[in-house]
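Q: This is the structure I want to talk about, given as structure tokens.
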Amino acid sequence: QEEMEYVELLAAEKHQVEALKNMQHQNKSLSMLDEILEDVRKAADRLEEEIEEHAFDDNKSVRGVNFEAVLRVEEDEANSKSNASKREVEDDLGLSMLIDSQNNQYILTKPRDSTIPRADHHFIKDIVTIGMLSLPCGWLCTTIGLPTMFGYIICGVLLGPSGLNSIKSIVQVETLGEFGVFFTLFLVGLEFSPERLRKVWKISLQGPCYMTVLMIAFGLLWGHLLQIRPTQSVFISTCLSLSSTPLVSRFLAGSVRGDKEGDIDYSSVLLGMLVMQDVQLGLFIAVMPTLIQVGVSTYSSIFKEILRILILIGQILFTLAAVFLICLVIKTYLIGPYYRKLHAESKGNKEILILGITAFIFLMLTITELLDVSMELGCFLAGALISSQGHMVTEEIMSCIEPIRDFLAIIFFASIGLHVFPTFVIYELTVLLFLTLSVVIMKFVLAVLVLSLILPKTSQYIKWIVSAGLAQVSEFSFVLGSRARRAGIISREVYLLILSVTTLSLLLAPALWRAAIMKCVPRPERRSST
């Protein structure tokens with residue numbers, strides 16, 4: 001018994017020694033892990049110090065900065081206990097909304113801690129909602145014979161401030177929609193070959209200039225009769241003289257426009273004039289600050305302001321010449337090798353081709369933006385440069401880019417619907433119908449007169465189709481109107497009238513276009529154009 005107890009005691013001592021060794025080994029492992037975690041913590045602290053921006057402290061002493069109280073609003077379900085943990089996480093991530101004293105709503109754009117990934121769930125919900133509602137709205141318009149784009153505009157009306165008011169990230173939706181304009185104009189340029197441009201460049205240059213001058217002259221005349229300020233009359237006339245390039249591009253998309261011998265293609269004339277109007281849009285945006293100063297200047301300084309405007313016009317014309325010189329260099333030396341390299345690398349993998357073409361679009365867009373010309377012109381020129389590589393190249397690229405364009409165009413037309421206010425249209429329906437019909441008829445008549453003077457006799461028949469395509473107001477009047485309202489050029493009432501007239505003219509455009517096509521286009525071409 002004593003021997004057994006002795007053996008058990010030895011076994012217990014041995015087990016205790018082994019347990020002590022295991023504990024020491026575990027403590028040693030823990031200390032090594034602690035050292036590793038301590039090193040990681042120090043590295044993380046250094047990383048946060050490197051990437052952290054003290055934006056508040058750095059900018060609070062900048063001249064012109066004002067302190068202002070804002071409201072921080074949580075989600076509607078903030079009172080629900082089941083969402084308490086979700087609210088705590090969102091509060092930690094800074095995903096709540098801020099509202100200032102001017103009722104502007106803000107969302108987080110750059111967090112303090114950039115190491116944690118975040119997503120704007122308001123924007124995600126908005127895009128998902130627009131995508132789902134656009135389908136039945138588009139189907140409805142197709143059923144009743146209207147272009148699907150009006151279904152997308154109706155979708156924006158239903159979801160916008162005048163409808164369910166469910167779109168929270170309006171600015172972000174509009175920004176994404178701008179990419180729809182970029183890709184639309186790229187495909188327009190892809191179909192608009194340099195050979196066509198060379199044939200109609202004189203008409204494309206002269207037509208919009210004459211129409212804008214005539215619109216401004218009529219605007220000043222009516223402004224004098226109605227006692228409207230000249231700066232306001234010039235702005236309204238210029239705004240109404242522009243036509244919608246994306247809308248007309250949708251009308252012309254996929255149509256077969258065969259040129260007769262010696263004739264001029266109506267699509268070439270129409271697209272050329274629209275591109276020139278886009279150039280005028282960039283010119284007018286550049287001139288607008290000077291126009292504001294003219295509105296507040298005395299008569300003694302008006303001469304100096306007019307001289308400034310003329311100098312600015314000369315600078316912009318010089319910039320346009322530089323843009324086309326860059327395009328000539330790209331076409332001669334770069335675009336051919338660039339596309340051949342893309343084509344060779346993208347065999348069996350279309351991602352490289354799509355990415356390469358998109359990068360080229362953004363490059364041309366950036367060049368024209370840096371030269372103070374409209375970004376839309378850069379997208380058009382990108383398409384025109386690639387179209388110079390031949391029909392097969394055009395077809396291959398169009399098949400890749402069209403699905404992207406179609407989705408982004410849905411967002412763009414839905415963003416237009418966000419600025420349509422049916423209640424205001426109903427309240428002032430008589431006045432708006434009169435103004436819209438007056439603008440459409442005036443633009444149609446002026447276009448017919450101008451084209452009658454500058455078109456060759458053998459192509460006079462296309463003036464009715466081109467005039468029908470120009471007889472509406474561009475959606476860019478929304479942009480110009482908002483800038484003019486902020487600058488004090490126009491009042492709130494005039495701004496709402498411009499928005500409503502623009503919307504109604506866009507709704508009338510398909511009917512006028514279809515009537516012109518049915519009357520003036522030969523039957524084989526008519527099927528494809530309508």
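Q: Please report, to one decimal in angstroms, the Kirkwood hydrodynamic radius of the range 149-520 built from all distinct Cα-Cα pairs.
A: 21.6 Å
Q: Checking a compactness column here: for the range 201-244, what do you get for Rg(Cα) / (2.2 N^0.38 Å), N being the number of residues?
A: Normalised Rg, Cα atoms only: 1.24.
Q: Taking K and R as +1 and D and E as -1, what net charge do the other residues with C-beta under 14 Å from the C-beta of Y210 add up to?
A: +3
Q: At a 1.4 Å probe radius, which order do E3, E178, E475, E13 fall into by accessible area, largest first?
A: E3, E13, E178, E475
Q: While we're on this one: Around P246, what is the net charge, scoring Lys/Arg as +1 and Asp/Glu as -1 over all other residues with Cβ under 13 Å from its Cβ?
A: Net charge in that neighbourhood comes out at -3.
Q: Something else: For the range 149-520, what % of the accessible area comes from carbon and sulfur atoms, probe 1.4 Å?
A: Of the solvent-accessible surface of the range 149-520, carbon and sulfur hold 70 percent.
Q: Report the accessible area of R72, computed with a 1.4 Å probe over the heavy atoms of all protein chains in place, in Å² rounded to the nearest 10.
A: Estimated to the nearest 10 Å², R72 gives 130 Å².
Q: Further, regarding this structure: Please calculate the 1.4 Å probe accessible area of K42, with all protein chains present, and give it to the nearest 10 Å².
A: 100 Å²
Q: Taking only protein heavy atoms and a 1.4 Å probe, what accessible area per residue, in Å², does the range 149-520 have with all protein chains in place?
A: 46 Å²
Q: Can you tell me how much longer the chain between A359 and D34 gets when fully stretched, taken as 0.36 nm per residue apart minus their C-alpha distance, in nm with one decimal?
A: 112.3 nm
Q: Using +1 at the Cβ of each Lys and Arg and -1 at the Cβ of each Asp and Glu in the range 149-520, identify which of S459, L310, S249 lies farthest towards the dipole's positive end.
A: The one lying farthest along the dipole's positive direction is L310.
Q: Here's something else I'd like to know. Test of understanding: what is the full-extension gain from L108 to L307, defined as 0.36 nm times their sequence separation minus their Cα-Cα distance?
A: 67.2 nm
Q: Something else about it: Could you rank I311, I228 by how accessible they are, 1.4 Å probe, largest area first?
A: I311, I228
Q: Another question about this same structure. Suppose accessible area is computed on protein heavy atoms with a 1.4 Å probe; arrange E376, E345, E191 from highest to lowest.
A: Result of the area sort, largest leading: E345, E191, E376.
Q: Give me the net charge for the shell around G481: Cβ to Cβ below 15 angstrom, other residues only, Lys and Arg +1, Asp and Glu -1.
A: Net of charged neighbours comes to +1.
Q: Compute, for E396, the solvent-accessible surface of its heavy atoms (probe 1.4 Å) with the complete set of protein chains present, and express it in square angstrom to the nearest 10.
A: Accessible area of E396: about 40 Å².
Q: Note the per residue figure in Å³ for the convex hull of the C-alpha positions in the range 449-489.
A: 84 Å³
Q: Now for a separate question. Using the alpha-carbon centroid of each, what span in Å lies between the range 333-392 and the range 408-444?
A: 35 Å
The values are calculated or read from the model by the stated rules, or taken from the named source; none is laboratory data. Quantities reported herein were computed from a predicted structural model and do not represent experimental measurements. Please note: Cβ atoms are built from the backbone with ideal geometry, for glycine as well, and neighbour counts cover all protein chains shown. Surface areas here come from the heavy atoms of the whole protein model, side chains and all, with no ligands, DNA or RNA. Shrake-Rupley method; radii C 1.70, N 1.55, O 1.52, S 1.80 Å.
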